[in-house]
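Only the coordinates and a few stated rules stand behind these numbers; no lab work does. Note that this is a predicted model, so its numbers are computed, not measured. Counting neighbours? That spans all protein chains shown, and the Cβs are built from the backbone with ideal geometry, glycine included.
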Amino acid sequence: MPSAEAAKEGAAVEALWIRSVPESFRRCGFRFTREGFGIALDALTDEQIETLESDPNLVVERTSVTAEDDAE
């Protein structure tokens, strides 16, 4: 997993993009909607990743994102 410093330099961060099937759904301490949002894999435990990926009320995609530093 990339470090926080690597993320600041624009390195790719592995993540999950998660959308709910119902209008709103809660799992693993997060509230998901149909719009969806991303969570860095290093912010989740292996158990949470398995739970999210196997839940039929969620659409989960593995992806990588490039972190951008807003302070220019």
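Odds and ends about this structure:
- Scope the range 43-67; condition surrounded by 11 or more Cβ atoms within 10 Å (Cβ to Cβ), in a helix (DSSP H, G or I) and not hydrophobic (A, V, I, L, M, F, W, C); matching residues: GLN48, GLU50, THR51, GLU53
- Filtered by the rule that a residue be assigned to a strand (DSSP E or B) and crowded, with 16+ Cβ neighbours inside 10 Å, the range 31-42 gives PHE32, ILE39, ALA40.
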